[in-house]
Protein chains: 2
Amino acid sequence: MRTPNSSSFVAAAVLAAAVTAADEGMWMPQQVPALADKLRALGFAGDPQAFADLTGQPMGAIVSLGNCTASFVSPDGLLATNHHCVVGSLQYNSTPERNLLVDGFLAKTRAEELWNGPGSKVWVTVSVEDVTDAITGKLDPKLDDLRRQQLLERRVKERTAACEAKGLRCRVASFFEGLSYYEIAQLELSDVRLVYAPAAGIGDFGGETDNWRWPRHTGDWGFYRAYVGPDGKPAAHAKQNVPFKPQRWLKLQPAGVKEGDLVFVTGYPGTTRRLATYGEVKDAAQWTFPRTIRTYQEQLDLLDALGKQDPALKIKAASRVAGLNNTLTNRKGMLEGLVRGGLLAQKQAREERLAAWIAADAARQKEYGDVLPALAAIEAEAHVTRERDSVLAQLFGASTLLGSARSARLVALERAKKLDVERELGYQERDFPRIREALERAQRALDPRLDQALLGYWMRHAAALPAEQRIRELDKLAGLTPGMAKADSDAAVDAYLARLMAGTKLAEQDARMALFDKTPAEIAATRDSFVDLALALEPLDLQVREAEKRRAGAASRVRPRYAKALLAEAGGLVAPDANLTLRVTYGQVKARANAGDGVDWRAFTTLAGIESKHTGEGEFDAPDAELAAIQALRAGKASGYVAPELGDVPVDFLTTLDITGGNSGSPVLNGRGEFVGLIFDGTFDTVASDYVFDAVRTRSIGAEVRYLLWTMTEVDGAHHLVEEMR
Amino acid sequence: MRTPNSSSFVAAAVLAAAVTAADEGMWMPQQVPALADKLRALGFAGDPQAFADLTGQPMGAIVSLGNCTASFVSPDGLLATNHHCVVGSLQYNSTPERNLLVDGFLAKTRAEELWNGPGSKVWVTVSVEDVTDAITGKLDPKLDDLRRQQLLERRVKERTAACEAKGLRCRVASFFEGLSYYEIAQLELSDVRLVYAPAAGIGDFGGETDNWRWPRHTGDWGFYRAYVGPDGKPAAHAKQNVPFKPQRWLKLQPAGVKEGDLVFVTGYPGTTRRLATYGEVKDAAQWTFPRTIRTYQEQLDLLDALGKQDPALKIKAASRVAGLNNTLTNRKGMLEGLVRGGLLAQKQAREERLAAWIAADAARQKEYGDVLPALAAIEAEAHVTRERDSVLAQLFGASTLLGSARSARLVALERAKKLDVERELGYQERDFPRIREALERAQRALDPRLDQALLGYWMRHAAALPAEQRIRELDKLAGLTPGMAKADSDAAVDAYLARLMAGTKLAEQDARMALFDKTPAEIAATRDSFVDLALALEPLDLQVREAEKRRAGAASRVRPRYAKALLAEAGGLVAPDANLTLRVTYGQVKARANAGDGVDWRAFTTLAGIESKHTGEGEFDAPDAELAAIQALRAGKASGYVAPELGDVPVDFLTTLDITGGNSGSPVLNGRGEFVGLIFDGTFDTVASDYVFDAVRTRSIGAEVRYLLWTMTEVDGAHHLVEEMR
C-alpha cells in the first residue's frame, strides 16, 4: 500500500501530544501509531506502526463482506465472521429437506463446501491512497454551489474509473467532512463458499429477545472460504476453483481474554455521525427521530392489520416489517441516549467549547469564524422544504411499484448519456447490475395491497402538507387542495389509489423488469399508471436532488474547515466518522457497573447461562449435542477452554470497543494481534453512540474464542477446522 | 400472653450453643432470645427478649389480614400493608366512574375512609399457649391409626371451642411435625376501612413482567384503618364505629436502611415444608411437580382455546387462568431450584447426615432408629393409590358444579351430627358461613362450558388410570373400562359429559345455593346429574379421606420423634415450618453477586429506574404526578428522602430475609424495631426455599420507607397520614 502522508490532519495527528479521553474512535489504520502512548498505558507491547501497514499483520487478514467484516484464519482462505453474516448463504443453500438456518452446516471436506450464490463477495483492501488534492484541488471559487458539487463528483467518478481499469473494485471516500479524500482499491473475490455454521440454537441463541442485551449467550460465528481460479486470480464460481491463499491470516489464541485486557477490533464500520454539528444532532433528536418513530409505528400497525386479514400478506410483509422494526428500535434507542442519556447536552457543550475556542483568537476567528453560522444557514435552508421532501422520499420508498418506475426512468435517463463519467453517482455502468438485481429481488415481497396501504398512508401525509410545501403534481393527479377537510382528502386519495392500482401491470415481474431495458421515451409510452405518476413527480424529484447538491456544494466550502477546527481544537487526534472503510478501534474487556438501576454487568457469561436460559423452545433452544457436552463437562470431563477464574467455559464478553454496523464479524484481537473472539453486537442504551460517543456506558459484545473452540470440538465435531487454524 | 415453657424443644433451643448457618428461619417469637449471639454479631443492640412478648413492642403491632400481614403504624389504628393485599377493597369500592384499582385512593378525612366490605378482617394475636400435653398426652398406644387421628382431631376441636367461648378467634396449630401444639387466640376486628392506596402505576408498577424479578420498582403499599364499636370492643361495621386504639404501633424511621443493615420481618408466613423428609421432597420433584406442570399447562391451553372462541368465556376463566398460571410458575421455580439449583441434593445430604447421626449412637438408635424407615413406609403406602387419588381430587376441583354438590353433601352430613365437636375439622358451625360465602362467590367464574372442558380433561385422565387404581363408580356411570382404546374412552367421556350437562340445574345460583340448606336425603332427592355423580363418588371420597387420616395417625407416632431427632442433631435451634402463625425472621440488606450468569444485583433501586422503565403504557405507566415530582427533584428540589450514597430516592431493596406467602404486607424493621419498609416479594430462583432453604441465593424484596414517604408527600398529597404516623 501507499502510505498516506500528504494530508494535513495526519500530520497534525502524528504531532499531537494530547490524547483524547476514553476509548472513542474507529481509527484509520495510519492513525494508530499516533495512539502509541495511550496503547502502551493499556499494556500494549507491540509496534503500533504494524496497524498502519494494510498488507501486513494483522490488517492484511481483514476483509469486507459488504455489510459485514471477516478475517482470514488459515493460509487456505478460511474466513471467520458472524453467524448473522452468513444467514444469506444458509438461506440460499437450504432445501425443503435440509434447513441450514435451523440445523447449521459443517463441510467435512473441501468438496462439501457450498457456494454462497451470486452477490456474495469478499473484498480485500490492497491499497489506500490520499487523493485529496485530486478531488478538492484547484476548484474555481467562482463556480456556483451546484457546479462546484458536480465538479467534485465528476472528479470522484474519474478517479474511480481509472482505478477500476486495473481490475480492482475502487472507491473514493470522503473523510472528516470532505477535508480529506482517499481512494481505496480492493481485490474482489466472487467465489465464496460456506464451510461451517452452528445450529440456530447456538448461532442465534436468544434471538430477538436477547438482541442488544446483556447477559448474552450467542455463539455468533460462521465460516466461509474464498476461492479463486486455478491461476490464483479472482474468478467467477467454478468447480475447478481453488482456495485463495491470503498473504496474511490471524492466529487463534485458545487462552482467550480476561477482564482488563487490551483488545482491538479491526473491520469495516458503516456509518457514524459524530462530526455532525450540534444543530444537526438536535434536529435529529427533535424532528427526524420522533417523526420516524411515529410514522414507522403507524405503518407497522397498518401492516399488522393487513397481516391479520391474510396470512399470505403477512409473509410478504415480513421483511418490510423487520426493516421498519429495526429502524424503530434503533431510533428509540437513539432518542433515549441523546435526550435521557444526556448525550445531546454533551454535544451542545462540545460545540460551545469549539465556538469559544474559535472566538478566543483573532487568527482562528478569521479562519473559522464563519463556519458554524454558515452550516446553520445551510441546515435552515433544508428545513424550509423538509416536510415535503421527506414525504416525497417516503412515497418512492413505500411503493415498490412507484419506486421501480422511478428507478427504471433514472437508469434510462443516465444510460442515455454517452460517457459513463457524465452519469450520476450510483447510476453508472458499474451500478446497473446491482440495481437490476434489487429490482428482481423486490418481487418476493411485492403485493399490490401492501403498496396500496403504505402509499395511501404517505399520500394522506402529502394531503396534509402545508400550503407552501405541497407536492403539486400529486395534488393535481389526486384532486387534492391545501386545507381540504380530512374526510374529503381521504376520499380523494382512495379514489386516486383505486385508479392507480387498476392502471398498472408493474406488479408482474416481467412487466417490471422489462422497463429496465427501455429508453426514457419507451418507458413513458407504456402509460402505466405508476409510470405516469413517476413522470409527474420527476421534475420535483430532480429539483429536490439538485437542491441537495447545491447545499452539498455550499457545505463543501465550509465543512472541511469545520472539521479542521474540530481537529485543531482537539489537538489533532480525532477519528473520522465511519464510512465503510477499514478501521481499528481499541478498548478493554470490561464489566459495567450500574448498567441498569440496581444491576451490574459482569464482563463474561458462561455455559451456565445457556443451561439456565434453555427452555427447549423458540429462541432458547440449545442443541441436544451442546447440552450433552455441558453435562459431560459438569460430570468432570477435562477441557482446556474452562476459564479458571470463572470455573466454566466463557461464552460472550463485554468490551469498551467502539463499533457500529458493518463491524459485525470483525475479529477481536489481543495486544499481540491474536484472534480472541468475534464482535457481534452493542448494547441498546448506547445505540446513540453513532451520533455522540458515550464514553461511560458504551459496551460491545463479543463471542469468546474459547466458546468457539469448545463448540467446534465438543459439540459440532469440526476438529479438522480447528486443526486447519492451528 | 402466656409464655410457653413446657415444650422440650424450646428448652433445647435456649440451651443450644450451636447457631445454625445463614439467615434461614421463620422463628417463633419465643425462640428469638436464643438467637441473641447471632443477632449481636450482626450489630443488634436491643433486647432479643422483647420479641418474645407478643403484646409488647414491636410484636403487639403486627396483625394478620388472613392471607397477608399488616402492622399498626399510629395510635389510631392505621395499618400499613401491601398494595396487593388491599386489591380486594379497591375492587369492592370501585364504581364505573371511579376505578380505584387504576387510580388509587386517598381519604382526606376519616369520614371518607371506605369500608372494605364483609370478609375483610384484622386479627390481633393476644395469646399463645402451649397445649402439647392436652393434645398429645395420654394417648392409648393401642388405638388403631384411624382412631388415634380422630382422637387428636377431637382434642383440637374441643380446645378450640373452649377458647372461642371467650369471644376470640382461636386455633390449635401443630409445630415441628406434631411435636408441639400451640393454641393461638386472636381478637377479630370486622370493621376494616381503606385509607390510602397509590395508583396502580406505583402500587403495581412492573406488574406481571417484573413479578418475582429484580431490579424492581414497585411501591407495593396500602393503608387500612381498623374500627371498633364506640365502647372500644370489636363490632360489625357501623357508621358510629370509632378507630381501634392498639396498644402498640410501629414508628417509621425516615432515614431508611443501608446495605449491610440488620433487618427483621415480623408476620404471618403461610406454609413451608422444610422439615419434610428427603423422600417427600424427591417425590415432589420427580412426580408431583412435573405432573402439575404438565397438566396445568394442558388445562391452560384448553382454557386459552375456549377464550379465543368467546371473549365472555375468557373473562369467566380469568381467575382460574390466573390461579393455574401462578401455580405453574411456582412449580417451575420449585423444580428449577430443587433440581438445577442443587437443593434436592442438599436435602439428601442433610438426611444422610441425620441418618448417620442416629446410627452413630446406641441410645439414638433406640429412640429414632425406626423413624426414617417408618416415614418411608407411610409414604410408599400413599403412592399405591396416588394417581387415582389425585385424579379424584382434580375432578372435584375442575368442576364448580361437581364441587358444589360434594360440598353441599359434606356440609349436610356434618350438620346432621348433634354435637359440633363430632363434626369434621373444617365442617363445623364456625366454618359454615365461610363455605356458603365461597359457594356464592363461585358464581362469578361459573360457566358450564368451562366445567365441561376441565371435567372432560380430568375424566380422560380417569379413563387412562391403570386397572388397579380405577375410579369404579365413574367407570360405571360413563361406561369406561381399563385398557379401552383412547378413541372409545374419549367418546364415552363425551357422551357422559353431555348427559351430565343436560341433567343439571346447578349452574343457576339459586339452585346451587338451595342445596346448601337441604338435608343429605333432600339433596339426594334432587336427582340432579351432578348430585348423582357426587353421591356415586362419595364412598370412594370417604375412603380416600379415611386412608389419609389413617396415615396421619400412623405418622403421629413417628413424625414428632423425627422432628425431635432433627432438632437434637442440629443442636436444638431450628425454626418450625411456617403455619400462618406469628413469626420473626432476621437478615441483612444485601446485594447479590452472580444473580444471573454475567449479572450482579445491587441492593437498592432508585427513582432513576422508574424513569427508564416508564413507557406510559400497560404495566410500566408511572402517574404523571410522580414523573413531575421526579423532574422537580432532578431540577434541584430538596428532599430529605434522597440516599446520599445513591444520589437518589431509594425505591426497593434486597434483603436476605427468609419469607414466604402470608408474609406479604409485613413490616421490615431495623435493629431498633423501627419500620423501614414493607416486604412484598421474593425472587424467582429461590421459590424452592419453601422446601429447602437456599442460604446463598435467597433474596426478598421490600419497598423502602423513603420511597413510601417521598410518594406520600411529593406525589399523593398524603401529608395528614405522614403527620399521623409521626
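The values are calculated or read from the model by the stated rules, or taken from the named source; none is laboratory data. Every value quoted in this text rests on a predicted model; they were computed, and no experiment measured them. Methodologically, a virtual Cβ is constructed for each residue, glycine included, from the backbone with ideal geometry; neighbour enumeration extends over all protein chains shown. Ligands, DNA and RNA are stripped out before the accessible areas are found, and what is left, the full protein with its side chains, is counted by its heavy atoms. Shrake-Rupley method; radii C 1.70, N 1.55, O 1.52, S 1.80 Å.
Taking the criterion of being more than 18 Å from the chain's Cα centre (by Cα) and under 30 Å from A:Gly279 (Cβ atoms), the residues of the range A:668-697 that qualify are A:Asp685, A:Asp694, A:Ala695, A:Val696, A:Arg697.
Considering the range B:527-539 alone, what residues qualify as being free of Cβ contacts under 8 Å to residues at least 40 places away in the same chain and open to solvent by 60 Å² or more (accessible area, probe 1.4 Å)? B:Arg527, the sole residue that qualifies.
Of the helices (runs of 4 or more DSSP H) that lie entirely inside the range B:333-384, those containing 1 or more residues that are β-branched (Val, Ile, Thr) and either within 14 Å of chain A (Cβ to nearest Cβ) or over 23 Å from B:Gly572 (Cα atoms) (or both) span B:371-384. Counting only residues that are at pLDDT 95 or above and open to solvent by less than 10 Å² (accessible area, probe 1.4 Å), the range A:20-34 holds 6 of them.
Residues checked against (1) among the aromatic types (Phe, Trp, Tyr); (2) touching a residue at least 12 places away in the same chain (Cβ under 8 Å):
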{"residue": "B:Ala162", "(1), (2)": "no, no"}
{"residue": "B:Gly201", "(1), (2)": "no, yes"}
{"residue": "B:Trp214", "(1), (2)": "yes, yes"}
{"residue": "B:Ala236", "(1), (2)": "no, yes"}
{"residue": "B:Gln240", "(1), (2)": "no, no"}
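Note on the range B:570-604: among residues that are touching a Lys or Arg at 6+ places or on another chain (Cβ under 6 Å) and part of a strand (DSSP E or B), the one that is surrounded by the fewest Cβ atoms within 10 Å (Cβ to Cβ) is B:Arg592. If you go through the range B:577-599 one residue at a time, do you hit one that is closer than 30 Å to A:Ala608 by Cβ and of a type in the set (Asp, Glu)? Checked against the condition, which is being closer than 30 Å to A:Ala608 by Cβ and of a type in the set (Asp, Glu), the range B:577-599 yields at least one hit. Taking the criterion of being more than 9 Å from chain B (Cβ to nearest Cβ), in contact with a Gly (Cβ under 8 Å, 6 or more places away or on another chain) and open to solvent by 30 Å² or more (accessible area, probe 1.4 Å), the residues of the range A:613-622 that qualify are A:Gly618, A:Glu619, A:Phe620, A:Asp621.
Does any residue of the range A:651-659 turn out to be over 30 Å from A:Arg350 (Cα atoms), of a type outside the set (Val, Ile, Thr) and part of a loop (DSSP other than H, G, I, E, B)? Full working, then the answer.
First, the residues of the range A:651-659 that are over 30 Å from A:Arg350 (Cα atoms): A:651-653.
Remaining after also requiring of a type outside the set (Val, Ile, Thr): A:652-653.
Filter again for part of a loop (DSSP other than H, G, I, E, B), leaving none.
No.
Before we move on, is B:Gly677 in a loop (DSSP other than H, G, I, E, B) and either among the aliphatic types (A, V, I, L, M) or more than 14 Å from chain A (Cβ to nearest Cβ) (or both)? Against the criterion (in a loop (DSSP other than H, G, I, E, B) and either among the aliphatic types (A, V, I, L, M) or more than 14 Å from chain A (Cβ to nearest Cβ) (or both)), B:Gly677 does not qualify. Taken over the range A:486-510, residues that are open to solvent by less than 30 Å² (accessible area, probe 1.4 Å) and part of a helix (DSSP H, G or I) amount to 6.
Okay, residues lined up against (1) open to solvent by less than 70 Å² (accessible area, probe 1.4 Å); (2) modelled with pLDDT under 95; (3) over 20 Å from A:Pro234 (Cα atoms):
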| position | (1), (2), (3) |
| --- | --- |
| A:Ala61 | yes, no, no |
| A:Pro75 | yes, no, no |
| A:His83 | yes, no, yes |
| A:Gly88 | yes, yes, yes |
| A:Glu113 | yes, no, no |
| A:Ser127 | yes, yes, no |
| A:Asp133 | no, no, yes |
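Within the range A:597-612, count every residue that is aromatic (Phe, Trp, Tyr) and either over 11 Å from A:Val649 (Cα atoms) or more than 7 Å from every other protein chain (Cβ to nearest Cβ) (or both).
Initial filter on the range A:597-612 (aromatic (Phe, Trp, Tyr)): A:601, A:604.
Retained after the next criterion (residues that are either over 11 Å from A:Val649 (Cα atoms) or more than 7 Å from every other protein chain (Cβ to nearest Cβ) (or both)): A:601.
The number of residues fulfilling the criteria is 1.
Look at (1) at pLDDT below 95; (2) open to solvent by 40 Å² or more (accessible area, probe 1.4 Å) and you find that B:Leu306 fails only one, number (2). Taking the range B:207-250 as the range and being surrounded by 20 or more Cβ atoms within 10 Å (Cβ to Cβ), within 14 Å of chain A (Cβ to nearest Cβ) and not β-branched (Val, Ile, Thr) as the test, the residues that pass are B:Asp210, B:Trp214, B:Pro215, B:Arg216, B:His217. Residues in the range B:457-484 that are open to solvent by 70 Å² or more (accessible area, probe 1.4 Å) and of a type in the set (Asp, Glu): B:Glu468 only.
Of the residues making up the range A:623-655, just one is open to solvent by 10 Å² or more (accessible area, probe 1.4 Å) and β-branched (Val, Ile, Thr), namely A:Val642.
Just wondering, is there one or more residues in the range A:633-646 that are within 14 Å of chain B (Cβ to nearest Cβ) and in a helix (DSSP H, G or I)? Yes: one or more hits.
Residues are listed down the side, and each one gets a yes or a no for (1) in a loop (DSSP other than H, G, I, E, B); (2) in the same structural domain as B:Val651 (by TED's automatic domain parsing); (3) among the hydroxyl-bearing types (Ser, Thr, Tyr); (4) at pLDDT below 95:
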| position | (1), (2), (3), (4) |
| --- | --- |
| B:Ile184 | no, no, no, no |
| B:Leu187 | no, no, no, no |
| B:Phe205 | yes, no, no, no |
| B:Glu208 | no, no, no, yes |
| B:Arg216 | yes, no, no, no |
| B:Tyr224 | no, no, yes, no |
| B:Pro234 | yes, no, no, no |
| B:Ala238 | yes, no, no, no |
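Inside the range A:275-298, residues that are more than 25 Å from A:Gly25 (Cβ to Cβ) and either touching a helix residue (DSSP H, G or I) at 6+ places or on another chain (Cβ under 6 Å) or open to solvent by 40 Å² or more (accessible area, probe 1.4 Å) (or both) make up a count of 10.
Just checking, does the range A:43-53 include any residue being within 30 Å of A:Ile202 (Cβ to Cβ), outside any helix (DSSP H, G or I), at pLDDT below 95 and of a type outside the set (Phe, Trp, Tyr)?
no
Scanning the range B:511-526 for residues that are of a type in the set (A, V, I, L, M, F, W, C) and either open to solvent by 60 Å² or more (accessible area, probe 1.4 Å) or not assigned by TED's automatic domain parsing to the domain that holds B:Ser399 (or both) yields B:Ala521, B:Ala525.
The residues on offer are B:Leu540, B:Leu627, B:Leu573, B:Leu566, and the sole one that is within 14 Å of chain A (Cβ to nearest Cβ) and out of contact with any Pro (no Cβ under 9 Å at 6 or more places or on another chain) is B:Leu627.
All conditions but one from (1) part of a loop (DSSP other than H, G, I, E, B); (2) touching a Ser or Thr at 6+ places or on another chain (Cβ under 8 Å); (3) within 14 Å of chain A (Cβ to nearest Cβ); (4) surrounded by 21 or more Cβ atoms within 10 Å (Cβ to Cβ) apply to B:Arg697; the one that does not is (4).
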